[in-house]
Structure formats: C-alpha cells, structure tokens
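Note sheet for the following structure.
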Amino acid sequence: MIRKILIANRGEIAIRIMRACREMGIQSVAVYSDADKEALFAKYADEAYFIGPAPATQSYLNMQKVIGAAKQSGADAIHPGYGFLAENPKFASACEQEGIKFIGPSSRVLALLGDKVAARREMIKAGVPVVPGTDECVTQFGQARDIARQTGYPVIIKPSGGGGGIGMTIVESEGELEKALESTQAIAATTFGLADVYIEKYLTNPRHIEFQLLGDAHGHAIHLGERECSIQRRHQKLIEESPSPAVTRKVRKEMGEKAANAIRMVGYEGAGTMEFLFSEGKLYFMEVNARVQVEHPVTEMVTGVDIVKEGIRIASGLPLSLTQKDVLVRGSAIECRINAEDPFADFVPTPGKITSYHAPGGTGVRVDSGVYSGYTISPFYDPMISKLIVWGRDRREAIARMRRALYEYVITGVRSNMPFHKAVMENPRFVKGELGTHFIETETTLPEDMKRIVEREIPLEAKLPHVSEEKRKIAAIAAVAAVTAMHRQGG
Ligand code: MV4
C-alpha cells in the first residue's frame, strides 16, 4: 500500500490530490518553486521541499529535482497531476527505475498514446470510430493527395507528436496541400522533435465531447459518462459540463463501453479521458489524455465517484472500487474556470495580488482553488484562480445555480473572466445546449453582453461606499440581491 505521495504539481490540483491523500490516511509531500513559497498547496502538504527557480523548466519540469525530493522524503509514489510531467513517458520510466510508483499509466502506455498515429491505429483495432483519414503517418505529397481525395476537403493535418490543437493546419483545397504538408512537418519537427504528421477530414464546428475512464491492473475498465467541453478559446477550455446535452443514454452506454474496452485492451492503468469530436449525431475519436484532467470535478459531481482516490487505489494495485453497473449519472454539473484574465482585452493574463477574496457556497456548489485573500498570482504559470463547479437536478437548475454562485463570488485586486461566465450563463444558445467548438467566435454579442452585465453591477457597488476593499465580503450579499432582482425581471 502507498504510505506517502509526492505531488509533482502546484496550485489547485496539488491541493485536490492532497485532500484525497488526507482522506485515505496517506502522507503528502509538496514540491515548490521560488514563485510558490507562499502558495496554499505548499502549506497544506504534510511536508514541502523547495525545488528551484520560478521557471517550470528549472523546477516542476526538472525530473532530477522532483525525483530527488521524492527520495529525500521517502515518498513511495509520485502523483503528476495535469500538465508539467504528467504524460511524459521518460518521467514515468525514471520513476519506475527508482522504485517509485508513478500514479498513472506505465511508460509503455504513455509512449503509445502520446504517438497520435499509433493511438489512432490502436483505437481502430479496438473498434472505436475515428474521423476518416490516415492510419499511418504521411510523409509524401502523393500519399496526402490520395487520402484527401478519398475523404474530401477540407482536411486537417495534425502532428503525431502533438495533441491539444498545437501545430495543426486546415487545408481547403488540393492546391494548398503540398505547402501545408511541408510547413506542418517543419513546425512539428521544431515543436515536438518529430516531423510525423497525419491527415483527417476536417469537421466544421464540431462539439468536443470526452469520456472519463478508469482502468485497473486486474483487467477491469469502466467509464463514468462524458463531459462536454465545447466552450474553449485557443484550445483552452473555459466551461465544461456533464452530461453533454447532445449525448443520449444509448450513445453514452455504447461509446462509453467501447472506450472502456479500448483502454482495457492497451493495458491502461489509472484515470484517463478519451476525447471525441461530435458532428451530425456521430462521435469520432481524437486522442486519449493519459492523466487526471482539470475538468474531472463535473464527472465527480454527477457520479459521486472520487476520481483521484480511484487513481491512487489503482496505483496501489487494488481493483476498482466499483463496477460499470454501479455508475449512475445523476443530475447535471457545470464548471467555470475562473482565470486571472481580462475578457475585455482579448483575455490577456492579469497576474497580481488578490486584495480580497470571498468564495461562493451553499447547496450544490464546489470551489477548487489554491488562492486566498492576500495571495499574489504569479506570471510564471497558468493564470487559473479557481474552478467553480455546481450541481443541479437538471441542467436548468445547474445554470441558475452557477449564475447565483458567480454573483456571490468576490475577487478584488485582479481582473477575472467572471463577466464572460456571467454572459455565457445568460446566452440563449448556451441555455438551449446548442454548442460547438466555435461558440465563442460565433456568439458575437458576448463582448456587449459582458459590458451590460458589468454596468448593471456598478450601482450595486455604489450602494456600499462605506465598504472597504478588505470588507468586500458584504458585497457578495448585495450581489445575491441583484441576481434575485434580475431573475424577477426575467433577465
Ligand atoms: C479536429 C477538428 C476538426 N476536424 N479534427 C483541436 C484540438 C485537438 N484536440 C483537435 N482539434 C480539432 N481537431 C478534425 N478532424 C477541430 C479541432 C478543433 C477543436 C477541437 C476541440 C475543441 C476546440 C477546437 C477548436 C478548433 C479546432
């Protein structure tokens, strides 16, 4: 059994993992950089080790330093969280060699799924539907031309070593293909150290739907239903929900079982996600994310399964604590990523000091964060302040609850993207569940909607002239009154 876990990550996810450790009676070890000396996660852990300067390459991405801290602390396992070293087969292999359990799939499975062409081939073998396209990497123009003629234009060229949307090229016609192939290969070589690319038919404005999966070392694999993550900007998700308004129970069961069977076939151990594109009623495999994801809480809210704990149990060699028939999707959950970004200025990061902070609460509300009043958000890492997650008996209730919670949330000192979230929660197409990956670009009224929402809040704040910045918690109560008034007006 695992007794002590080093968390090779920072921020909210480090705390999320440490919370699971504490409930399981497992000791937790934090590693922190120069920029995170005052961070909550470094205080929350049972022990904390300094691992170097603020740039991640010299701290959170430095395998020797992370493994060194694990050995020094006597940790028997490392949890990588998301990002940083999470899907790095070399890191998993280094842990394996040091006799430290890497909490996640084996280095062999990470290498297989990290190679997108190989992963696509495995999924075809396992009977998972893929977007029409290649089953091997494309090197020659002639090869690319033949595939594109079969699938029809537009096509998309993707780096095999990539993922998450980086370095992809959309090609509208055969005339552009040769140049696009060469440039994508060149970008792939410099970005990922591998020139291999593959080609798929390009789907216009699909939905992004992903299945949460768990696989153990005893040949069991299950799915926890899907999440819809269509609301994204530059491949950064902003709002996620479960279940997807587009997925029926029949499709959930069929595709969930196919996805679970596929990860069982590759010997996947741990929590993982299979990403799909959804277009014209059909799901098409894109890639497997071999880690716990930012948006895992929406699945936890509708299934009641603690995904992080299951991952730790699996790494300890224990079987899954539940079977597929124990999984029930109940109600609806939505997550808003609250970022230190200015939605009125092209979402530029706005790091700085949080001068006052009051998180929402009440029935069905969960806030995963790593900040506090007086904390300074560092410019060195991603600017996520927190994840606000709500549960409702149905999607309507979840939306109403999210609106209520957003208006209770007080963050001063840094600008946040909360006006964006408030605008989306009032957007008629969002409310109807009519989503696509181009939602933000196509909803052209969002900027003016955000402006209107902020202006509506000004008179409320003016009612509280005596309230100092430090006492802004009271403003949260006024804000609730505002939402109530808004609902009365049918706003
Ligand atoms: C696609 C696609 C359309 N057709 N593949 C971008 C993220 C990466 N995981 C895959 N991506 C896409 N692949 C085919 N064949 C459109 C996208 C895409 C996208 C996907 C999910 C969420 C947001 C997106 C934004 C632009 C493009």
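The values are calculated or read from the model by the stated rules, or taken from the named source; none is laboratory data. Since the model is a prediction, treat every value here as computed from it, not as a measurement. Note that we place each Cβ from the backbone using ideal geometry, even for glycine, and neighbour counts take in every protein chain shown.
Summary of computed values
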{"read-out": "Residues satisfying the stated conditions in segment 404-444, i.e. out of contact with any strand residue (DSSP E or B) (no Cβ under 9 Å at 6 or more places or on another chain) and at pLDDT below 95", "value": "Y407"}
{"read-out": "Yes/no for E87 being within 16 Å of the ligand (Cβ to nearest atom), of a type outside the set (A, V, I, L, M, F, W, C) and out of contact with any Phe, Trp or Tyr (no Cβ under 6 Å at 6 or more places or on another chain)", "value": "yes"}
{"read-out": "Residue ID - farthest from the chain's Cα centre (by Cα), chosen from residues in segment 249-278 that are more than 25 Å from I103 (Cα to Cα) and away from the ligand (no atom under 16 Å from the Cβ)", "value": "K250"}
{"read-out": "Subset of segment 121-136 (residues that are assigned to a loop (DSSP other than H, G, I, E, B), surrounded by 15 or more Cβ atoms within 10 Å (Cβ to Cβ) and within 16 Å of the ligand (Cβ to nearest atom))", "value": "V128, V131, P132, T134"}
{"read-out": "Residue match in segment 320-334 (condition: without any contact (Cβ under 8 Å) to a residue 24 or more places away in the chain, over 25 Å from C229 (Cα atoms), out of contact with any Gly (no Cβ under 8 Å at 6 or more places or on another chain) and part of a loop (DSSP other than H, G, I, E, B))", "value": "yes"}
{"read-out": "Of the criteria (1) within 14 Å of the ligand (Cβ to nearest atom); (2) at pLDDT 95 or above; (3) not hydroxyl-bearing (S, T, Y), which one G175 fails", "value": "(1)"}
{"read-out": "Residues of segment 189-243 satisfying the condition of being of a type in the set (A, V, I, L, M, F, W, C), within 12 Å of the ligand (Cβ to nearest atom) and surrounded by fewer than 22 Cβ atoms within 10 Å (Cβ to Cβ)", "value": "L203"}
{"read-out": "Matching residues, segment 154-172, being of a type outside the set (V, I, T) and either within 12 Å of the ligand (Cβ to nearest atom) or touching a His at 6+ places or on another chain (Cβ under 9 Å) (or both)", "value": "P154, K158, P159, G162, G163, G164, G165, G167, M168"}
{"read-out": "Residues of segment 233-248 satisfying the condition of being more than 15 Å from the chain's Cα centre (by Cα) and aliphatic (A, V, I, L, M)", "value": "A246, V247"}
{"read-out": "Extreme residue, farthest from the chain's Cα centre (by Cα), among residues of segment 57-78 that are closer than 18 Å to I17 by Cβ and part of a helix (DSSP H, G or I)", "value": "S73"}
{"read-out": "Single condition A246 does not satisfy, out of (1) in contact with a His (Cβ under 7 Å, 6 or more places away or on another chain); (2) in a loop (DSSP other than H, G, I, E, B); (3) away from the ligand (no atom under 12 Å from the Cβ)", "value": "(1)"}
{"read-out": "Test: residue in segment 249-272 that is in contact (Cβ under 8 Å) with a residue 40 or more places away in the chain, surrounded by 22 or more Cβ atoms within 10 Å (Cβ to Cβ) and among the polar types (S, T, N, Q)", "value": "no"}
{"read-out": "Of the criteria (1) surrounded by fewer than 16 Cβ atoms within 10 Å (Cβ to Cβ); (2) part of a helix (DSSP H, G or I); (3) of a type outside the set (S, T, Y); (4) touching a strand residue (DSSP E or B) at 6+ places or on another chain (Cβ under 8 Å), which one I170 fails", "value": "(2)"}
